Amino acid sequence: MSDFEKKLLGGALQKAMFEAYDKPGGAKAPDYDLTFFLNPKSISIEKSMILEEPKTQGNTTEIKWTGTNPIVMKLGELWFDTYESRKSVRTEYIDKLESLVDYNAKMHHPPVVRLIWGDFTQKTTKAPEYQFYVEKLAVDYSMFLPGGMPVRAKVQVTLRQVLLIKQKSATDAKKSPDHAKVYTVKRGDTLQAIAFAEYDDPRQWRRIAETNDLDDPMSLRPGAKLLVPPILK
């Protein structure tokens with residue numbers, strides 16, 4: 001263990017790693033695993049919901065939840081050091097870190113990673129969901145040998161959660177109507193416009209026309225009540 005590592009381990013920084021996978025929920029890809037020193041005070045997590053205001057909702061307006069955005073995790077200080085070995089910290093570590101941002105021809109996407117750091121990730125019920133793409137990184141080289149070789153680097157990393165298919169399906173299911181609605185026709189409305197507002201798909205206008213026995217879907221009477229059926233799966 002180098003003097004730098006001893007100093008870090010005796011202070012605020014602790015060892016952590018990115019465990020790589022070939023795809024979300026897939027097999028491990030150990031060639032992309034990366035160990036580093038992490039400042040535990042620098043982790044921030046952002047989680048937000050998707051709120052939309054329907055384009056038309058009868059004669060009323062409401063804000064409704066339509067999903068949850070992927071988690072964004074920001075790691076402010078990842079440290080790498082090769083001073084004692086006199087090797088380039090760039091070729092030993094940073095190139096591998098940058099490969100997590102690049103397209104992989106074999107995988108058809110960049111590798112997926114999980115942050116492994118003690119109780120923070122191993123003892124949370126959400127650990128299986130904490131798979132991420134490395135979305136962004138910024139490298140600060142802070143020590144060089146006389147010839148210019150970098151031997152110490154601090155990195156800021158932004159991770160964006162990769163939703164597994166079952167998670168994304170659960171969110172997408174919330175976006176489609178799951179119960180019938182009564183819509184009050186306004187002047188200028190068309191069935192295509194109503195279908196787009198209710199289903200995000202104007203091609204569903206026939207569903208509304210058939211449900212309401214409309215002989216002429218082009219002539220809607222303002223004030224008329226239309227039953228908007230659910231899309232059952």
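The values are calculated or read from the model by the stated rules, or taken from the named source; none is laboratory data. A quick note: this is a predicted structure, and the numbers were derived from the prediction, not measured. Here Cβ is always computed from backbone atoms with ideal geometry, including for glycine, and neighbour counts include all displayed protein chains.
Residues in region 114-130 that are assigned to a helix (DSSP H, G or I), at pLDDT 60 or above and either among the hydrophobic types (A, V, I, L, M, F, W, C) or within 16 Å of A27 (Cα to Cα) (or both): how many? Here the count works out to 2. For region 191-219, taking the residues that are part of a loop (DSSP other than H, G, I, E, B) and in contact with a Leu (Cβ under 7 Å, 6 or more places away or on another chain), the one that is modelled with the highest pLDDT is identified as N212.
For region 36-47, enumerate the residues that are hydroxyl-bearing (S, T, Y) and more than 16 Å from F132 (Cα to Cα).
S42
Any residue at all in region 101-112 that's of a type in the set (F, W, Y), exposed (fewer than 12 other Cβ atoms within 10 Å of the Cβ), under 18 Å from the mean Cα position of the chain (by Cα) and modelled with pLDDT under 95? Yes, region 101-112 contains at least one residue that is of a type in the set (F, W, Y), exposed (fewer than 12 other Cβ atoms within 10 Å of the Cβ), under 18 Å from the mean Cα position of the chain (by Cα) and modelled with pLDDT under 95.
The set of residues in region 8-22 that are modelled with pLDDT under 85 and either crowded, with 16+ Cβ neighbours inside 10 Å or outside the structural domain of S42 (by TED's automatic domain parsing) (or both) comprises L8, L13. Of all residues in region 146-181, those that are modelled with pLDDT of 85 or more and either surrounded by fewer than 19 Cβ atoms within 10 Å (Cβ to Cβ) or outside any loop (DSSP other than H, G, I, E, B) (or both) total 16. Tallying residues that are under 16 Å from K186 (Cα atoms), buried (at least 16 other Cβ atoms within 10 Å of the Cβ) and within 41 Å of the chain's Cα centre (by Cα) within region 218-233 yields 2.
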